[in-house]
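The values are calculated or read from the model by the stated rules, or taken from the named source; none is laboratory data. This one's a predicted model, so the numbers in the text were calculated from it and none came from an experiment. Glycine also receives a Cβ, built like all others from the backbone with ideal geometry; neighbour counts cover every protein chain displayed.
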Amino acid sequence: MRMRRWASLKNLLVYGLSAPIIALNVGLLSLLFHYFRHPLTILSIAAILAFLLNYPVRFLERARISRQWAVTIVLLLTLTLLIFIGITLVPLVINQTIQLSDKIPDWLNSFQDQLEQLEAVATKRRFPLINLKILANQTNASIENLLKELPLGLWDLREP
């Protein structure tokens with residue numbers, strides 16, 4: 001009887017203390033990953049690129065080109081492709097972002113009008129009134145804060 005009680009107490013201690021230790025370890029690992037997230041991201045991208053670019057290098061090696069020349073050819077082709085994509089897509093993304101930032105005030109005004117219509121319908125049908133102006137103001141403020149965080153807010157890329 002005494003052994004059984006000791007075994008159950010031992011199991012209770014093991015299971016009861018393992019949960020906080022596991023939680024502490026998970027928290028510490030989370031902090032560690034958060035601290036090293038940028039180097040880990042760079043290393044992960046580099047590993048994926050090395051893995052993907054190894055296939056064309058091996059293909060060129062099978063075509064009887066030395067590894068050194070194969071790596072050089074693949075590197076130059078990859079850089080050329082990235083530069084081409086950067087030249088063609090970056091201006092499009094910038095223009096679309098500018099167009100989006102120009103349309104957002106119109107959307108906010110439309111949102112404000114729709115909230116006023118909803119409030120009118122709610123008062124007409126005698127629904128419990130919710131102050132939708134507070135919701136609209138909070139939404140407008142949060143969207144304005146998001147717009148300030150856009151990279152376009154740092155550089156004035158708009159055309160004069």
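Suppose the filter is at pLDDT below 95 and more than 30 Å from Thr139 (Cα to Cα); does Leu24 pass it? Answer is yes for this residue.
Applying the selection to segment 31-57, what residues are modelled with pLDDT of 95 or more and surrounded by 12 or more Cβ atoms within 10 Å (Cβ to Cβ)? Within segment 31-57, Leu53, Asn54, Pro56, Val57 meet the criteria.
Among all residues of segment 113-135, there is none that is under 28 Å from the mean Cα position of the chain (by Cα) and not aliphatic (A, V, I, L, M). Across segment 71-109, which residue is farthest from Ser142 (Cα to Cα) among those that are surrounded by 12 or more Cβ atoms within 10 Å (Cβ to Cβ) and polar (S, T, N, Q)? Ranking the candidates gives Thr72 first.
What about Lys10, is it farther than 30 Å from Gln138 by Cα and among the basic types (Lys, Arg)? Against the criterion (farther than 30 Å from Gln138 by Cα and among the basic types (Lys, Arg)), Lys10 qualifies. Residues in segment 117-131 that are surrounded by 12 or more Cβ atoms within 10 Å (Cβ to Cβ) and either without any contact (Cβ under 8 Å) to a residue 12 or more places away in the chain or not in a helix (DSSP H, G or I) (or both): 1 in all.
Whether a residue is within 20 Å of Leu147 (Cβ to Cβ), hydroxyl-bearing (Ser, Thr, Tyr) and surrounded by fewer than 13 Cβ atoms within 10 Å (Cβ to Cβ) was assessed, and Ser66 does not pass this test. Considering each residue of segment 6-20 in turn, none proves to be in a helix (DSSP H, G or I), in contact (Cβ under 8 Å) with a residue 12 or more places away in the chain and of a type in the set (Gly, Ala, Ser). Listed by first and then second residue, the pairs with beta-carbon distance under 6 Å, at least 6 apart or on different chains, first residue in segment 132-147 and in a helix (DSSP H, G or I), second modelled with pLDDT of 75 or more and surrounded by 12 or more Cβ atoms within 10 Å (Cβ to Cβ), are Leu132/Leu115; Leu132/Glu119; Ala136/Gln112; Ala136/Leu115; Asn140/Leu108. Among residues of segment 100-115 that are farther than 19 Å from Lys148 by Cβ, those with a Cβ under 9 angstrom from a residue that is of a type outside the set (Val, Ile, Thr), sequence gap 6+ or separate chain, pair up as Gln112/Lys133; Gln112/Ala136; Gln112/Asn140; Leu115/Leu132; Leu115/Lys133; Leu115/Leu135; Leu115/Ala136.
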